[in-house]
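Asker: One structure is given below, represented as structure tokens, and several questions about it will come after.
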């Protein structure tokens, strides 16, 4: 199995995991997050497929951070309330972070050995987007695990005594 075929397998595995995680997650924010990232991974799979087929890739300009910002903005009122996350929800986010980290390492290693221009461009884009996915999952994990502390640091709250 070459690097691009392995990349396709990784993207398919991510789609399957994130789809299942969205189905099982009890947190509304977590559910939307997994659904949004699933769509990103589907775009990645299509881009890798097109490279393998030798086509010129044309893809939608996806921005994981923009998509997630939209999810959070649409749920702001619900999120202002304490969102209880189960241990299973938090574990799913830990697994997701690990999957994205492994994907990043794989794509970086593959990029280092790649000589084809289109393949290199795709790998660079995947690295960028997978890093954003990791950051999104890490931030969401912190939000669900400790909402009060998350708001203090992310919103730069001033603690008055």
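Asker: Can you pull out the helices (runs of 4 or more DSSP H) entirely within segment 1-74 that have at least 2 residues that are closer than 17 Å to residue 125 by Cβ and modelled with pLDDT of 85 or more? Spell out the reasoning first.
Answerer: Numbers: elements: 3-24, 28-52, 64-74.
Passing ranges, in order: 3-24, 28-52.
Asker: Also, I was wondering about something else. In this structure, does residue 122 turn out to be part of a helix (DSSP H, G or I), farther than 24 Å from residue 92 by Cα and either modelled with pLDDT under 85 or touching a helix residue (DSSP H, G or I) at 6+ places or on another chain (Cβ under 9 Å) (or both)?
Answerer: Values: part of a helix (DSSP H, G or I): yes; farther than 24 Å from residue 92 by Cα: yes; either modelled with pLDDT under 85 or touching a helix residue (DSSP H, G or I) at 6+ places or on another chain (Cβ under 9 Å) (or both): yes.
Considered against the rule, which asks whether it is part of a helix (DSSP H, G or I), farther than 24 Å from residue 92 by Cα and either modelled with pLDDT under 85 or touching a helix residue (DSSP H, G or I) at 6+ places or on another chain (Cβ under 9 Å) (or both), residue 122 comes out as yes.
Asker: Which of the residues that make up segment 41-55 are touching a residue at least 40 places away in the same chain (Cβ under 8 Å) and surrounded by fewer than 18 Cβ atoms within 10 Å (Cβ to Cβ)?
Answerer: Scanning segment 41-55 gives 49, 52.
The values are calculated or read from the model by the stated rules, or taken from the named source; none is laboratory data. All of these numbers come straight from a predicted model, not from anything done at the bench. All Cβ positions, even for glycine, are placed from backbone atoms using ideal geometry, and neighbour counts span all protein chains on display.
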